[in-house]
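The values are calculated or read from the model by the stated rules, or taken from the named source; none is laboratory data. Predicted, not measured: the structure shown is a model, and the values here were computed from it. Every residue, glycine as well, gets a Cβ built from its backbone with ideal geometry; the counts of neighbours run over all protein chains shown. Side chains are part of the model used for accessible areas, which takes the heavy atoms of the whole protein and leaves out ligands, DNA and RNA. Shrake-Rupley method; radii C 1.70, N 1.55, O 1.52, S 1.80 Å.
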Amino acid sequence: MQKKPTLLFRILKEIVRICYGKIEVVGQENLPENNAVIVGNHTQMNGPIAGDFFLPENCYTWCAGQMMNRKEVPEYAFNDFWAQKPKWSHPFYRILSHIIAPLAELIFNNARTIPVYRDMRIMATFKSTIQKLNEGANIVIFPEKDEKNVFWKRYCF
């Protein structure tokens, strides 16, 4: 069972909902009645935001586990979001990656997420996923192909 999100998270989510604008939801009627694994297009942050706003409450989204741990956020965020930026801007993005760490931890630990890892902790991801499916929940996965990511090159394409 999911714990109730904090008040700060609920306020932030409402601010995002207001600022994000209108989203056209197409195909929601095609969601299965029974639990399932739903795969959608990540499209940067748009897929997960739309999924959180418009999918039923019993949907749990796979999330990079490092974004759920304040100590792991800076390195992960810099490498995943900003490492390809011009080298002269790297110091700024290194600082920014530390600034967003508490916010990322707050958001991803209060949202309906399952941490995903690309190391031996992947077993915890699978266990949590199976547990949620057994509880009747849906699992939402937003894969995103990244040319620099060896995992996707080796196993998916």
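A few notes on this one:
- Among the listed options (i) -0.25, -0.93, -1.34, -1.47; (ii) -0.23, -0.85, -1.22, -1.34; (iii) -0.22, -0.77, -1.07, -1.16, the one matching log10 I(q)/I(0) by the Debye sum over Cα atoms at q = 0.08, 0.15, 0.18, 0.19 Å⁻¹ as calculated from these coordinates is (i).
- Angle between the chain longest axis and helix 7-20 axis [Cα atoms, degrees, rounded to 10]: 90 degrees
- As a length-normalised measure over Cα pairs under 8 Å and 6 or more apart, the relative contact order of the chain settles at 36 percent.
- Close amide H contacts of Val39 (hydrogens built in the peptide plane, cut-off under 5 Å, sequence separation of 5 or more or a different chain): Ile141.
- Close lysine pairs were tallied over the chain: pairs 8 or more places apart or on different chains with Cα atoms under 14 Å apart number 4.
- Protein accessible area in the chain, 1.4 Å probe - carbon and sulfur %: 62 percent
- By average C-beta atoms within 10 angstrom, highest first, the peptides 78-87, 101-110: 101-110, 78-87
- Rh (Kirkwood; distinct C-alpha pairs) - the stretch 43-128, Å: 13.9 Å
- Bridges between two residues of the chain, per DSSP, are antiparallel at a rate of about 0%.
- Inter-label distance for Ile49 and Arg118, nm, one decimal - labels placed 7 Å from Cα along Cα-to-Cβ: 2.4 nm
- Per residue solvent-accessible surface (Å²) - the chain, probe of 1.4 Å: 68 Å²
- Per-residue ³J(HN,Hα) for the stretch 119-130, Karplus 6.51 cos²θ - 1.76 cosθ + 1.60, θ = phi - 60°, Hz, x for Gly and Pro: 9, 4, 6, 4, 4, 5, 4, 5, 5, 5, 5, 5
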